[in-house]
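Asks: Here it is: the structure, laid out below.
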Amino acid sequence: MPLERDASRKGEVIPTKIDIDTSKVRTKVLETVKEEAVGIKLEDAPVIVSGGRGMGGPQPFQTVLKELADLLHGAVGASRPPADNGWVPEHLHIGLTGKIVAPDVYIAVAISGASQHTAGCSGSKHIIAINKDPEANIFREAEFGVVGKYEEVLPAFTNKLKELLAG
Ligand SMILES: Cc1cc2nc3c(=O)[nH]c(=O)nc-3n(C[C@H](O)[C@H](O)[C@H](O)COP(=O)(O)OP(=O)(O)OC[C@H]3O[C@@H](n4cnc5c(N)ncnc54)[C@H](O)[C@@H]3O)c2cc1C
């Protein structure tokens, strides 16, 4: 049980001089990078459309993935390889060493579903996977899955969604 608050108690700040031998400090701040938030932040997005190494390069992140994310008022994310390869900014990578997210819907496109990745997205309410490999681990995590090349599945998915949204 926490103690009752006692407002009569006071603390005393005692300035202490500390001598640090900087040659012994093994961690150094080399650079401070300000994260630029463009659109919805990953942590706040109700829908995340995430791409993996299987996207093949930076372009699909700016075109097919972004188009779907925009349509769903969501954000684009990634597994670690696209960030490591410089296809997307580092702050978009999801997983053990990246962001932990828990959107309503997480769409994993061309992501194999390594445990280090799913550690960052398994809290999502619904996971949808699109992958050309029916054995991909991501299908074990996903509630819905489509086996196929994203180049074919994504445009069909996006077009159908546009139709539905148009009423
Ligand atoms: C200490 C440590 C920490 C890590 N932290 C993270 C982390 O935080 N986040 C993270 O993501 N990873 C992390 N990793 C890396 C992780 O182990 C995996 O290597 C990584 O998640 C794989 O990314 P991927 O699924 O995009 O790529 P891959 O495993 O290469 O999978 C690519 C997938 O794309 C599919 N594909 C290919 N072409 C197409 C196509 N045209 N259409 C549809 N599907 C296609 C393939 O079938 C495949 O399943 C970490 C690793 C280590 C060792």
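We did not get these values from a lab; they are worked out from the coordinates using the rules stated. Since the model is a prediction, treat every value here as computed from it, not as a measurement. Every residue, glycine among them, receives a Cβ derived from its backbone with ideal geometry; neighbour counts consider all protein chains shown.
Asks: How about region 1-76: which trypsin sites (Lys or Arg not before Pro) there lie in a loop by DSSP and see at most 11 other Cβ atoms within 10 Å?
Replies: Listed in order of number, the matching sites are ARG5, ARG9, LYS10, LYS17, ARG26, LYS28, LYS34.
Asks: Given labels modelled 7 Å from the Cα in the Cβ direction, how far is it in nm from THR97 to LEU161?
Replies: Distance between the two pseudo-spin positions: 2.9 nm.
Asks: Let me make sure I get this right: for region 93-167, a, b and c are the square roots of the gyration tensor eigenvalues over alpha carbons, sorted descending. Under 1.5 in a/c it's rounded, otherwise prolate if a/b > b/c, else oblate. Which is it?
Replies: Here region 93-167 falls in the oblate category.
Asks: Out of all DSSP beta bridges with both ends in the chain, state the antiparallel percent to the nearest 5.
Replies: 0
Asks: A further question on this structure: Counting only helical runs of four or more DSSP H residues, what would the 222 nm mean residue ellipticity of the chain come to if each run contributes -39,500 (n - 2.57) and the total is spread over all its residues?
Replies: After summing the helix terms and dividing by the residues of the chain, the value is -6000 deg cm²/dmol.
Asks: Round to the nearest 10 and give me the degree value, 0 to 90, for the angle of helix 150-165's Cα axis relative to the longest principal axis of the chain.
Replies: Tilt relative to the chain: about 90 degrees.
Asks: Taking the Cα centre as origin and putting +1 on Lys and Arg beta-carbons and -1 on Asp and Glu beta-carbons, what dipole magnitude results for the chain, to the nearest 20 debye?
Replies: That gives a dipole near 300 debye.
Asks: Here is a follow-up. Specify which residue in the list GLY54, ALA7, ILE40 is farthest towards the positive end of the charge dipole of region 1-63, using unit charges on the beta carbon of Lys, Arg (+1) and Asp, Glu (-1), about the Cα centre.
Replies: GLY54
Asks: Provide the convex hull volume over Cα atoms per residue for region 68-137, in Å³.
Replies: Considering the Cα atoms of region 68-137, their hull volume per residue is 91 Å³.
Asks: Quick one: give the max-minus-min coordinate of the C-alpha atoms of the chain along each principal axis, largest first, in Å.
Replies: Dimensions of the chain along the principal axes of its Cα atoms: 67, 45, 31 Å.
Asks: Using Cβ counts within 10 Å as a stand-in for footprinting exposure, how do PHE157, PHE144, PHE61 rank, fewest first?
Replies: PHE144, PHE157, PHE61
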